[in-house]
Every structure is written in structure tokens, then in C-alpha cells.
Amino acid sequence: QTEPQTVLLDKRGRVGWITLNRPRALNALNTELMNDVVGAVAAYDADPGIGVIVITGSEKAFAAGADIKEMQPKTFSEVYTEDFFADWDRLSAARKPIIAAVSGYALGGGCELAMMCDLIIASETAKFGQPEINLGVIPGIGGSQRLTRAVGKAKAMDLILTGRTIGAEEAERSGLVARVVPADRFLDVVGEVADTIASKSLPSVMMAKEVVNRAFETGLAEGVKFERRSFGSLFATEDQTEGMAAFVEKRQPEFRHR
Ligand code: CO8
């Protein structure tokens, strides 16, 4: 396997960091970068030493969208037959939580990439938007669906029809973003959140992600049943025995992620 050129990879404890690294194009998402991100996520997902994945960009840009220069010459039949960008869907197969750490621009495909992650932590400098309408197209990597589920129809229509950009405060108020963090503490706080999640029992973390995502795929009664069955199955793990014993014995649990 060749070394990725468009992302920087760094394991810190049980957290696998992926830093998008095409600074001259504000991390615009081209095919190479997509392959690198998808490959890195799959590798961390399969690594038993990793509990959480973080995807981040630079201070100025998480990602300024799909690469317009790569898309510009394409014809309909190329976009259709190549299923351009379909590989991004492979991110959804990751079973460990993915945090999007967004500073600066998260526009178009950049906003869609952030929304494919499980939670978004934003620097107060973050700017979100789906400006595809300004290019004569529409969101194409799930944005119309994920944004609408995240913020509701009113805000999604506003953003997708006008192409306007919103700041971190409005994004948090709308439900797109989990937390907004001061710029000077941004990466520290992301690291703390990631470490916190990574310190929990991995089977319960993975199952928590799975049950929350089930809320988007199924009706309430089915979802609650799925949660109940998943909850019960965690009583087969060593970490449940340890976690509950530690509480009763008034000590910190020592999870072994099994
Ligand atoms: N694609 C390619 N290059 C880009 C992109 C992009 N999305 N964004 C920025 N760049 C490049 C610029 O061309 C420039 O390169 P150069 O120095 O060679 O001219 C460099 O990055 C720096 O950009 P700017 O000089 O423009 O920087 P500014 O600070 O002046 O502006 C902005 C920053 C406001 C973010 C501005 O760059 C901008 O508006 N970018 C485009 C944002 C946009 O429209 N994004 C949506 C793209 S479309 C999309 O994502 C569709 C996804 C669905 C695809 C599905 C296919 C099936």
C-alpha cells in the first residue's frame, strides 16, 4: 500500500487523527484525498488499539468543498457512470465513532464530510454552508439528506437554496454542531473529547454509535427494541462486569475493551 499524500496520520493514545492536507486548495476534496481519507478511516477502524477517529483540517479550512477544478470538465455520463464520489459512502461503514473537528471553512462537500462523521466540534471560526447552488448544482455527497435531518427543513432549505454560509454559533443553535470551542483551545478540547470517548469500553462505544444511528433508519418502536436487545448483549462483555463492579467498589473502572 502506498503512503497517503493528501492526509497526515497520527496515533495519539487510542485516538487516530486524520488531518486533511491540501493547504493550497483549502483541502478541496479530490479523488486522491477521498481515497486517502477512506483508506485511513478503514485502517483505524480495523486497528484494535484505536477507539476513536478524528478528522480535521487546517485552521483556515476543514475543507472548502469538492474539488471544483476536478469536477469542471466532467460530463453527465462521466459523473453518472463513474459514480463520482460514491466511495465517500464507505465512511458510513466505520463502526468506531468519528469526530469532525472543524475550524474555518466547511463548505459543500466539506460540510457533507463533517456531517458524515458522528459528531462535529467546531472552532468559533468555523463556517458551514452548501454553496453548490452558486455553481449550478446541488449537494451530491448526502448533504440534502443529512443537513435536513440535522437542522430541519426550514434551515436546510434556507442554506441549500441561497448558498449562504453560517457561523459556528448559528450552526450550534441549529443542531448541526455538538460544541463550539474558543479558537485558541480548539484542538486541545477536541483531544480531550476524543480521549474521553476512547477511555470508555470499546464494545459499548461502538454499540452506542450503532443504536443512535438506528434512530435514522427505523421507526421508534423498532428502534427501542433494537436498543433493548443491544443493551442486554453488553452484559456478555468483561467491561460491563468491570464497569459496574468499579461503581459499587467506589473506584475507577479499568476497561479492557472486550
Ligand atoms: N475546489 C477547488 N479549489 C478550491 C476550492 C474548491 N472547492 N476552494 C478553494 N479552492 C482553491 C482556490 O481555487 C485557490 O486556488 P488558487 O490559489 O490556485 O487560485 C485556493 O484554493 C485558495 O482559495 P481562495 O483564493 O478562493 O481563498 P479565499 O480565502 O479568497 O476564499 C473560499 C475562500 C470562500 C472558501 C473560496 O475559496 C470558495 O468560495 N471556495 C469554493 C467553495 C465552494 O463553492 N464549495 C462547494 C464546492 S461544490 C461541492 O462541494 C459539491 C459536492 C458534491 C459533489 C458530488 C459529485 C457527484
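For the reader, a short list of remarks on this structure follows.
- Volume per residue that the Cα convex hull of segment 129-258 spans, once the total is divided by residue count, Å³: 157 Å³
- Rounded to the nearest 10 Å², the accessible area of residue 81 at probe 1.4 Å: 110 Å²
- Accessible surface comparison of 85, 226, 235, 62, probe 1.4 Å, protein chains only, largest first: the order is 235, 226, 85, 62.
- Neighbour net charge for residue 53 - beta-carbon separation under 14 angstrom, K R +1, D E -1: +1
- Once both labels are positioned 7 Å from their Cα atoms along Cα-to-Cβ, the gap between residue 256 and residue 234 label points is 1.9 nm.
- Residue among 221, 100, 171 with the largest mean-square fluctuation in a Gaussian network model of the chain, springs linking Cα atoms under 10 Å: 221
- Residues whose amide H comes within less than 5 Å of that of residue 52, counting only those at least five positions distant or on another chain, are 16 (H built at 1.01 Å from N in the peptide plane).
- Label-to-label distance, nm, for residues given as residue 72 and residue 222 (7 Å Cα→Cβ offset): 4.5 nm
- Normalising the average separation of contacting C-alpha pairs (under 8 angstrom, six or more residues apart) by the number of residues puts the relative contact order of segment 151-258 at 21 percent.
- Listed pairs 127/153; 11/225; 153/225 exceeding 30 Å between Cα atoms: 11/225
- Once the Cα atoms are used to define both axes, helix 153-162 deviates from the longest principal axis of the chain by about 30 degrees.
- Highest to lowest packing among 107-113, 134-140, 121-127, scored as the average C-beta count within 10 Å: 107-113, 121-127, 134-140
- Separation of alpha-carbon centers, segment 78-92 and segment 148-206, rounded to whole Å: 25 Å
The values are calculated or read from the model by the stated rules, or taken from the named source; none is laboratory data. Computed from a predicted structure; not experimentally measured. We place every Cβ from the backbone using ideal geometry, glycine too, and count neighbours over all the protein chains shown. Heads up: the accessible areas ignore ligands, DNA and RNA and are worked out on the full protein's heavy atoms, side chains in. Shrake-Rupley method; radii C 1.70, N 1.55, O 1.52, S 1.80 Å.
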